[in-house]
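Presented below is the structure to which this report refers.
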2 protein chains.
Amino acid sequence: MSRKVNFSAGPSTLPKEILEQIRDEIVDFRGEGLSIIEASHRSKVYDDIHSEAISLLREIYKIPEDFEVLLLQGGASLQFAMVPMNLYRGGKVEFVDSGSWSSKAIKEAKIQNINFETIASSKETSYDRIPENIEFSDDLDYAYITSNNTIYGTEYREFPETKSPLVVDASSDILSYQVDWSRVDLLFAGAQKNAGVAGVTVVVARRELIERESSKTPIILRYKTHLDKNSLYNTPPVFAIYTLNLILNWIKSIGGVDEVHRRNQQKAKLLYDTIDSSGGFYVGHADKSSRSLMNVTFNIKNGDGSNNSELEAKFIKEATKLGMVGLKGHRSIGGLRASLYNAMDIDGVKQLTQFMDNFKSKNL
Amino acid sequence: MSRKVNFSAGPSTLPKEILEQIRDEIVDFRGEGLSIIEASHRSKVYDDIHSEAISLLREIYKIPEDFEVLLLQGGASLQFAMVPMNLYRGGKVEFVDSGSWSSKAIKEAKIQNINFETIASSKETSYDRIPENIEFSDDLDYAYITSNNTIYGTEYREFPETKSPLVVDASSDILSYQVDWSRVDLLFAGAQKNAGVAGVTVVVARRELIERESSKTPIILRYKTHLDKNSLYNTPPVFAIYTLNLILNWIKSIGGVDEVHRRNQQKAKLLYDTIDSSGGFYVGHADKSSRSLMNVTFNIKNGDGSNNSELEAKFIKEATKLGMVGLKGHRSIGGLRASLYNAMDIDGVKQLTQFMDNFKSKNL
């Protein structure tokens, strides 16, 4: 079978050369006589990978000196619980609700009985945009945003300025552009979209924010625990960190995060241009001000502006036959979605846009 | 480099044929045109693996109908926190302290302010045995044991009988013998010793014990959350579950858990016999009543019975030269340790025991 063009929202496509490198190394890791997934997490062979992943992440993501990098388990969903457990100090927290993942984070915070407010939401317009004019209070325990919304296809152009510590869930756009760290205090992301495979969660945080020990928080859920042990408090998810390291090396080799960003802009432009020049056959879900470079959400429309779900189903079926998969929109908004994470190359997007043009011609 | 004989305590050796299968499947998974680590966790290709892993585990481990299987993240260390979060109902808990991992579980329970007691401990004899005559109270929220103690090399012969729900940390001996489920109510294990690679935690629990919703527990840390979603509440650790499934298929193919147990007994006997017949040159750490089939801990002795740490260092050095690695004892007790998990074959143990005989002859 020839290789599919995989537009899945995550887990998602990986660079083929990385899959080939895993293939070549998985039985005998670089002449060590064992697989990296068999190596003790206290051995030099693993420790070199672990340290390289952290230092490469610092390097290519330009993480400032006063920030720490943690490699955890449990996905972004565990961070929804860990952030309030570790950062809440009895004051107040403010959230921006820009979609399902923000809502889940809010739900976890609510269970912990923290004093919080949702200061902005785009729920009323089906989360079709990042809420405008976000003004956080100055004295919060923390402010919280979701930088990219996978389901709705919206993304912040820039992070809001605030005097309060800003927490960013960057699960679906980590490493896709250079972050302005002067505006961020804690950023987290599951790795399975832009940073490798499911199973490791990257947390980048200002040291002073996470070095506080909280006596009521379970030891395993304290950032301080993992900080003190360089993310080796318990057995780390070896394969996921190994793959993270391969991805970081790959990003560096192709020119770093800025080059990745340039490519992401190019890919997204190609697809959005195809949508916008379709004469209303394809219509994007997200408001143009908030369009995501990562997840392009769109519908096929009837003449009256309603969604043509029959044609959408046909679109998915025909695309699948041509080897393009993962194009079905999330069940909560339906329609179509193409995820263009770092590892999706321009040729894949060209194949999709050519198909879209053909499909339109045939079904107009 | 020829393949090492890997006695690491975990992560640890895997069957070579499984590494080769991963190698053969990692770029193009069974003709699907993508890697399993690129597949959406909502796709059929992943779901088949996920479901097969759960049903195979039920089959080969003979898990009764009224038990559920959860596949989680965070390792056994997160279970130390999740067990009290989910099972404590304001009553009382009793622990057996048989080593470091029990102590860690007790420490997490303490933080959650539960009413607990350590009813038996072998701390005074350097955890050289499983405490004898364990008598749990009848009306506990739960009773807690660690079935195998990696660091000290001790293991329960059988689980204590109790009317209270029994929780078993089986991280280092899951799937190494057939469990008597009539004595167990919740069993958990990180996968990286006997069930694949680091990154997935198996929880097997009586349904009625884990289906209770706890309004104060974070959603992501409730067993009920994962039960309701068949362990797909959030993105699962795909590669670790894929590897778990390969291991389960491998166990089935070689004759199931009983055959694995027979092999484990054979391997351990060979090594313990070598120790016991060494005339006091090698001396096991664990009391014979409690010897682990998984982790064989021993020292090299001077004539006066003290440990000869110089010879132990020489032993490790020479063994390493011969391709046998992971033999250093845990820093908390020193000495030597050979871990003989399911994937270690008898030839590896023979190589070790022959080396031990030679080493003794040369250094007596």
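The values are calculated or read from the model by the stated rules, or taken from the named source; none is laboratory data. Because the structure is predicted, anything quoted here is derived from the model rather than measured. FYI the Cβ positions are ideal-geometry reconstructions off the backbone, even for glycines, and counts take in every protein chain you see. Heavy atoms of the whole protein, side chains included, go into the accessibility calculation; ligands, DNA and RNA do not. Shrake-Rupley method; radii C 1.70, N 1.55, O 1.52, S 1.80 Å.
Just checking, does the range A:230-244 include any residue being under 18 Å from A:Val179 (Cα atoms) and open to solvent by less than 20 Å² (accessible area, probe 1.4 Å)?
No: the range A:230-244 contains no residue that is under 18 Å from A:Val179 (Cα atoms) and open to solvent by less than 20 Å² (accessible area, probe 1.4 Å).
How many of the residues in the range A:119-147 are over 22 Å from the mean Cα position of the chain (by Cα), open to solvent by 20 Å² or more (accessible area, probe 1.4 Å) and farther than 21 Å from A:Val296 by Cβ?
Qualifying residue count, the range A:119-147: 8.
Among the numbered criteria (1) within 13 Å of A:Leu340 (Cβ to Cβ); (2) surrounded by 22 or more Cβ atoms within 10 Å (Cβ to Cβ), which one does A:Leu248 miss?
Here A:Leu248 meets the rest and fails (1).
Can you find, within the range B:226-247, the residue that is farthest from the other protein chains (Cβ to nearest Cβ) among those that are among the hydroxyl-bearing types (Ser, Thr, Tyr) and out of contact with any Ser or Thr (no Cβ under 9 Å at 6 or more places or on another chain)?
Looking at residues that are among the hydroxyl-bearing types (Ser, Thr, Tyr) and out of contact with any Ser or Thr (no Cβ under 9 Å at 6 or more places or on another chain), I get B:Ser231.
In the range A:277-298, how many residues are polar (S, T, N, Q) and over 20 Å from A:Ser98 (Cβ atoms)?
Selection size over the range A:277-298: 2.
Select from the range A:164-174 the residues that are closer than 14 Å to A:Leu209 by Cβ and either open to solvent by 10 Å² or more (accessible area, probe 1.4 Å) or not in a strand (DSSP E or B) (or both) and list them in ascending order.
Once the filter is applied, which keeps residues that are closer than 14 Å to A:Leu209 by Cβ and either open to solvent by 10 Å² or more (accessible area, probe 1.4 Å) or not in a strand (DSSP E or B) (or both), the range A:164-174 yields A:Ser164, A:Pro165.
Going by the structure shown, is B:Ala81 in contact with a Pro (Cβ under 7 Å, 6 or more places away or on another chain), open to solvent by less than 10 Å² (accessible area, probe 1.4 Å) and within 14 Å of another protein chain (Cβ to nearest Cβ)?
Yes; evaluated as a whole, the condition is true for this residue.
Return the total of residues in the range B:329-364 being among the basic types (Lys, Arg) and under 16 Å from B:Val5 (Cα atoms).
So the count comes out to 2.
Considering only the range B:306-322, I want to know if a residue exists there that is buried (at least 20 other Cβ atoms within 10 Å of the Cβ) and more than 14 Å from chain A (Cβ to nearest Cβ).
yes
Please go through the range B:51-62 and pick out each residue that is buried (at least 20 other Cβ atoms within 10 Å of the Cβ) and more than 17 Å from the chain's Cα centre (by Cα).
B:Ala53, B:Ile54
Among the residues of the range B:201-223, write down those that are open to solvent by less than 40 Å² (accessible area, probe 1.4 Å) and either within 8 Å of chain A (Cβ to nearest Cβ) or free of Cβ contacts under 8 Å to residues at least 40 places away in the same chain (or both).
B:Thr217, B:Pro218, B:Ile219, B:Ile220, B:Leu221
If you go through the range A:30-40, how many residues are buried (at least 20 other Cβ atoms within 10 Å of the Cβ) and not hydroxyl-bearing (Ser, Thr, Tyr)?
Qualifying residue count, the range A:30-40: 5.
If a residue must be in contact with a Gly (Cβ under 9 Å, 6 or more places away or on another chain) and of a type in the set (S, T, N, Q), how many such residues does the range B:271-319 contain?
Residues that pass the stated criteria total 7.
Step by step: first the residues of the range A:1-54, then only those that are assigned to a helix (DSSP H, G or I) and aromatic (Phe, Trp, Tyr), then the one that is nearest to the other protein chains (Cβ to nearest Cβ). Which residue is that?
For the range A:1-54, the residue satisfying everything is A:Tyr46.
Tell me, yes or no, whether the range B:119-139 has at least one residue that is small (Gly, Ala, Ser) and either under 22 Å from B:His261 (Cβ atoms) or within 14 Å of chain A (Cβ to nearest Cβ) (or both).
no
Pick out the one residue from B:Ile106, B:Ile151 that is among the hydrophobic types (A, V, I, L, M, F, W, C), outside any helix (DSSP H, G or I) and either crowded, with 18+ Cβ neighbours inside 10 Å or on the phi < 0 side of the Ramachandran plot (or both).
From the options B:Ile106, B:Ile151, the qualifying one is B:Ile151.
When A:Val167 is evaluated against the numbered criteria (1) within 22 Å of B:Pro236 (Cβ to Cβ); (2) away from every other protein chain (no Cβ under 13 Å); (3) among the hydrophobic types (A, V, I, L, M, F, W, C); (4) touching a helix residue (DSSP H, G or I) at 6+ places or on another chain (Cβ under 6 Å), which criterion, by number, is the only one it fails?
Result: A:Val167 passes all but (1).
Look at A:Leu57 and say whether it is closer than 22 Å to A:Ser172 by Cβ and assigned to a strand (DSSP E or B).
no
Look at B:Ala189 and say whether it is in contact with a His (Cβ under 9 Å, 6 or more places away or on another chain) and either within 11 Å of chain A (Cβ to nearest Cβ) or crowded, with 17+ Cβ neighbours inside 10 Å (or both).
no
Considering only residues that are open to solvent by 20 Å² or more (accessible area, probe 1.4 Å) and either acidic (Asp, Glu) or within 24 Å of B:Asp173 (Cβ to Cβ) (or both), which ones fall in the range B:10-24?
B:Lys16, B:Glu17, B:Glu20, B:Asp24
Name the one entry in A:Ser12, A:Ser35, A:Ser40 that is under 22 Å from B:Leu232 (Cα atoms) and of a type in the set (Gly, Ala, Ser).
After ruling out the rest, the residue left standing is A:Ser12.
Look through B:Gly153, B:Gly199 and report the one residue that is touching a strand residue (DSSP E or B) at 6+ places or on another chain (Cβ under 9 Å) and more than 20 Å from B:Arg129 (Cα to Cα).
Result: B:Gly199 is the single residue among B:Gly153, B:Gly199 that is touching a strand residue (DSSP E or B) at 6+ places or on another chain (Cβ under 9 Å) and more than 20 Å from B:Arg129 (Cα to Cα).
Taking the condition of being under 22 Å from the mean Cα position of the chain (by Cα) and of a type in the set (Gly, Ala, Ser), how many residues in the range A:305-364 meet it?
9
For the subset of the range A:336-349 comprising residues that are touching a Lys or Arg at 6+ places or on another chain (Cβ under 9 Å) and open to solvent by 30 Å² or more (accessible area, probe 1.4 Å), which member is nearest to A:Glu17 (Cα to Cα)?
Step by step, filter the range A:336-349, then rank; the result is A:Asp345.
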